[in-house]
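See below for the structure under consideration.
All of the numbers you see were taken from the coordinates with simple rules; none came from a lab. Bear in mind that the values here come from a model prediction, so they are computed numbers and not experimental data. Because the Cβ atoms are built from the backbone with ideal geometry, glycine has one as well, and the counts that use them run over all protein chains shown.
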DNA sequence: AAACTATTCAATAAATTTATTGAATAGATG
DNA sequence: CATCTATTCAATAAATTTATTGAATAGTTT
């Protein structure tokens, strides 16, 4: 093979992978699958897409080998092919937030107008865990908590939080987390908690960011 | 702003950036600019594109804020907007090589059929530098060497190597490097060196990979 | 100010991607 | 084996991306 042919082929293969990522719906799917595996139906629901449409996008990801599948009963479950897929999404996400003022502004404006409060980073949380008491609160749907969560976190899905406040202590600081930096479950949780007189902040990143750093995680079997 | 509007906008902005990367020519340009800044004319030449075409691709990268420009005399020089752009390219590259058998096979087959020999990683090279004598050979064009190179490397551009062999010692192991893992200058160099009786291997990655790890680099002023 | 030149723009056609719809399929279940 | 159901496929139209060409532009240089 000639040198130029070789380079053309390598870069066009890499561009194919990149194209498979280059769609807003597919990025949402990638972030969702970073929480664990989901059926086509669940993915369609979470992303607000018609099922046929979601399936089509999943085919694109599958052809690019970014996702794997397995069948359980009547359902087909999709998951990220490996941790490099999440790493690449993370790199894109960070590039976007840093380079594109629009995104940073969108996030800040949205947070400020809806929930005006501080957040903590993963490093901050690690330090809090080491040096004192902190309640780690997972506000994702319970099924996602069961697939994997930060060690010692407790699960109260955001739509149950208001009615289950009594499970939390007002004396311990609470750090709420969810799927990722653009997920608003944690913001909503902190808003509810602050209003009810709890001391609470949100984790800037999500569970997959914690997991990829090989920090302690737990899985609930059921 | 509503929750869904917010998410739609964030992910569509991120998809825009990803789309800007999702083209083989533009990936080649990103890798080239990781070596330093180049004029439109130089970029067109290196990528084998008509100038108008190269300019068009550069506009796409500029709108996505992945590159910055500066004018010097009649020329406009393009450079990567910041190190996160390279980090993202590196993540995509590694995802591709790991996930896509086609790419790995392309690289292996090409290397095996043209140059069958071992390579060393950046970690290997760091150890070699610490623990003994090694000649680090930069075979990129001299202008790229001048913009930045591995500390203590010597520059012999690949097209001058055959005629400048006497500058190298046969007693010291030589590690040749170039732009990146898909760049073949270093392969060609090792082939020439082995044939002439030198002890030589190539560095798997390229100069930008060394630089991003904050390992020692030097810049030649001129 | 005129001439020059590197780069960008504009217009077009071809190729690719996307959303939508409804039908087809594969595999599990009864 | 027939039925059921989650998922995929296929066909189409609309939107976007790409390559190509030649003209326009901005900024230097003389």
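Just a few scattered comments:
- C-alpha long axis of helix A:24-33 to longest principal axis of chain A, angle in °: 60
- If R0 equals 22 Å, the separation of the Cβ atoms of residue B:48 and residue B:112 corresponds to a calculated FRET efficiency of about 0.30.
- Counting, for every residue in A:86-93, the Cβ atoms of other protein chains within 10 Å of its Cβ and taking the mean gives 6.
- Distance between segment B:52-105 and segment B:156-193 - C-alpha centres, whole angstrom: 26
- For the segment B:19-30, counting C-beta atoms of other chains within 10 Å of every residue's C-beta and taking the mean gives 5.
- Peptide packing for B:51-58, A:108-115, A:36-43, A:166-173 was compared via the average number of neighbouring C-beta atoms within 10 Å per residue; ordered from the highest value, the list is A:36-43, B:51-58, A:108-115, A:166-173.
- The calculated FRET efficiency for the pair residue B:152 and residue B:196, based on their C-beta separation and a Förster distance of 30 Å, comes to about 0.85.
- The DSSP beta bridges internal to chain A are antiparallel in roughly 50% of cases.
- Counting DSSP beta bridges with both ends in the protein assembly as shown, the antiparallel % (nearest 5): 45
- Cα long-axis angle, helix A:3-21 against chain A (0 to 90 degrees, to the nearest 10): 40
- Expressed as a fraction of 2.2 N^0.38 Å, the C-alpha radius of gyration for segment A:63-222 is 1.10.
- Acute angle (nearest 10 degrees) that the helix B:51-63 long axis makes with the longest principal axis of chain B, alpha-carbon atoms: 60
- Applying 1/(1 + (r/R0)^6) with r as the Cβ-Cβ distance of residue B:133 and residue A:94 and R0 = 51 angstrom yields a FRET efficiency of 0.80.
- Potential lengthening of the chain between residue A:215 and residue A:83 amounts to 46.1 nm, from the contour at 0.36 nm per residue minus the alpha-carbon distance.
- For the protein assembly as shown, the Cα-based Rg and Dmax, in that order, read 24.9, 81 Å.
- Ellipticity estimate at 222 nm from DSSP helix runs (n ≥ 4, -39,500 (n - 2.57)) divided over the protein assembly as shown, nearest 500: -15500 deg cm²/dmol
- Inter-label distance for residue A:74 and residue B:70, nm, one decimal - labels placed 7 Å from Cα along Cα-to-Cβ: 6.4
- Averaged over A:105-112, number of beta-carbon atoms from partner chains that fall within 10 Å: 3
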